1. Against the condition outside the structural domain of residue 294 (by TED's automatic domain parsing) and in contact with a Cys (Cβ under 7 Å, 6 or more places away or on another chain), how does residue 357 come out, does it pass?
2. Are there any pairs with C-beta distances below 9 angstrom linking a residue in segment 128-149 that is closer than 16 Å to residue 388 by Cα to a residue that is charged (D, E, K, R), with the two at least 6 apart or on different chains, and if so which?
3. Can you name the residue in segment 175-202 that is closer than 30 Å to residue 265 by Cβ and among the small types (Gly, Ala, Ser) and is also surrounded by the fewest Cβ atoms within 10 Å (Cβ to Cβ) among such residues?
4. Return the only residue of 365, 335, 329 being assigned to a helix (DSSP H, G or I) and in contact with a Phe, Trp or Tyr (Cβ under 7 Å, 6 or more places away or on another chain).
5. Mind listing whichever residues of segment 204-225 are out of contact with any Pro (no Cβ under 9 Å at 6 or more places or on another chain) and surrounded by fewer than 21 Cβ atoms within 10 Å (Cβ to Cβ)?
6. Could you grab me the full set of residues in segment 276-316 that are among the β-branched types (Val, Ile, Thr) and either in a strand (DSSP E or B) or within 21 Å of residue 368 (Cα to Cα) (or both)?
7. So which residues in segment 256-270 are touching a Phe, Trp or Tyr at 6+ places or on another chain (Cβ under 7 Å) and either over 17 Å from residue 207 (Cβ atoms) or assigned to a helix (DSSP H, G or I) (or both), if there are any at all?
8. Just wondering, is there one or more residues in segment 113-121 that are buried (at least 18 other Cβ atoms within 10 Å of the Cβ), at pLDDT 95 or above, over 19 Å from the mean Cα position of the chain (by Cα) and in a helix (DSSP H, G or I)?
Amino acid sequence: MRRALSRLPYLEQRGLGPYRWSRYRHRKSVLAAKAHGQYSKPLWSYFNKHSETSPMKQCKPSQMCTRVVTALAVSAICSIPAAMAAEPYPSKPIQLISPLPTGGSTDVATRAWMECASKQGLAGHPFVLLNRPGANGVVAANTMQQQPNDGYSLMVAGMSQMTITPFIFKKQPYDPEREFEGAAIFGTTPFILVASAKSGIKSLAELKARALSKSGGIDMGMPAIASPAHLLGSAVAEKMGMPATLVPVKSEPEGVTSLLGGHVEAMVFVVGSISQQVETGSVTPLMVFTEKRLPQFPNVPTVIEALGEPGLVRFGWLGFAAKGGGSKEVIKAVEGWTRKCLETKEFDTALRNALFTPRFISASEYAEVVRKDIAFWRPWITKLKISND
C-alpha cells in the first residue's frame, strides 16, 4: 500500500488522476490474477462482446460510463404499469379551509356537505374542516395559498370572499380569478330590503318620501363595511335618488334587533336571516334582489319590477375552490360529489335548514358567476372609496 501511494505523485505528473489511478491498480490486479490462472471475465464483458453498440463499449477510458446506469434506470421506470404509477384521487382525507367561524349557517351547510361527500361511492374518505376566520376571508385565503397544490386542501368559498374582499385593500391580498379555481357552488341565498314595522314604511315610494323629509335621509343598517348590505343599500339609495345615513351594526342579528327597536328604519339582509320576522310582521319587506318573485314572499316585488334595474339582481352563494393551475381531476371530482349530494333528500334538507337554497352551479359556470359579481361589486367599492388599509 505504501509503495502504491508512493507512486501516486509520479502518476499524477503523467496526467493520471484518481479515476485513472484506480484503473491502473485494477489492471495490475487482473494481470497478477491471470498469471496465477485465477482470472475470469466479468458478466458485462460478455454483453460488450456481443453488442457493438453497447453504451459501455462506446465509452472512452477517460469517461465515467453513467449512461449505462441511466438507461437501465429509465427502462425499469418505464416498465411500471401506468395504473400503478398514478394514485386514484382521493387516497387520503381532504382538508377544507373555511373563512368563517364555527356555528354559523355557512359552517352548518359545509359540514352537511362533508358528511354526504365522505360516503363510499363519492370521495370515500373523511374531510377535515379547518376554520380560519378573519379579515372577511383574507386569513383563510392566505392559509390556502400556503398549502401544496395537490387537491388535498380546498377552500370553502363564498361570494364575499371571492368577489368583494380582495378589492377593499389598496394592495390586493389575492387574485380570486388567477389564484383560485372554482369547483362547484351548492347553495345560494337571495337578498331582501326590509323596513322596520315601527317606521310605518310599507313601500319603496314611502321609503323615498321619508328619506326626503328628514335631515340626513333614511337611516339604513350596515353590518360591515363593504358587506352586501352596505353596497346594495348604497346602490338602492343612488338609484332612487334618496339621501341615506348608513348606521353601523355589528352583525345581521344585531341589525334585526336595531330594526325591531326602531333604531334603524331599513336594511338589506339575506332572506334566511330575516324571513321569520317578515312572516310575523315585525318587519315589512319592500323588495327582493331577484329576477322572479320568491315563492315564500309572492307579494314582494323584484328589483326589476320596482326599479327596472336587472343589474341589481344579486344573490349570495357558497361553494368550493381549489388552488389555480391544479389538476382538472380534482375539480371534476368535487363537482361530481356536489352534484350527487344535491340529489339526496338529507343534504337538501340540511341546506334549507341552514337558510340556503340548494342549487348546483358547475365549475365552468362558477367562473362566470365570479366574473359578473366582480364586475358589479368592484365599481361600487371604488365609488364609495372603501379601503381597509
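The values are calculated or read from the model by the stated rules, or taken from the named source; none is laboratory data. As the structure is a computational prediction, the values presented were derived from the model and not from experiment. Every residue, glycine among them, receives a Cβ derived from its backbone with ideal geometry; neighbour counts consider all protein chains shown.
1. No; evaluated as a whole, the condition is false for this residue.
2. Close Cβ pairs (under 9 Å, with a partner that is charged (D, E, K, R)) amount to 139/132.
3. 200
4. So the residue among 365, 335, 329 that is assigned to a helix (DSSP H, G or I) and in contact with a Phe, Trp or Tyr (Cβ under 7 Å, 6 or more places away or on another chain) is 329.
5. Answer for segment 204-225, where residues must be out of contact with any Pro (no Cβ under 9 Å at 6 or more places or on another chain) and surrounded by fewer than 21 Cβ atoms within 10 Å (Cβ to Cβ): 205, 206, 208, 209, 210, 213.
6. 283, 284, 288, 290, 302, 313, listed by residue number.
7. Once the filter is applied, which keeps residues that are touching a Phe, Trp or Tyr at 6+ places or on another chain (Cβ under 7 Å) and either over 17 Å from residue 207 (Cβ atoms) or assigned to a helix (DSSP H, G or I) (or both), segment 256-270 yields only 270.
8. Checked against the condition, which is being buried (at least 18 other Cβ atoms within 10 Å of the Cβ), at pLDDT 95 or above, over 19 Å from the mean Cα position of the chain (by Cα) and in a helix (DSSP H, G or I), segment 113-121 yields at least one hit.
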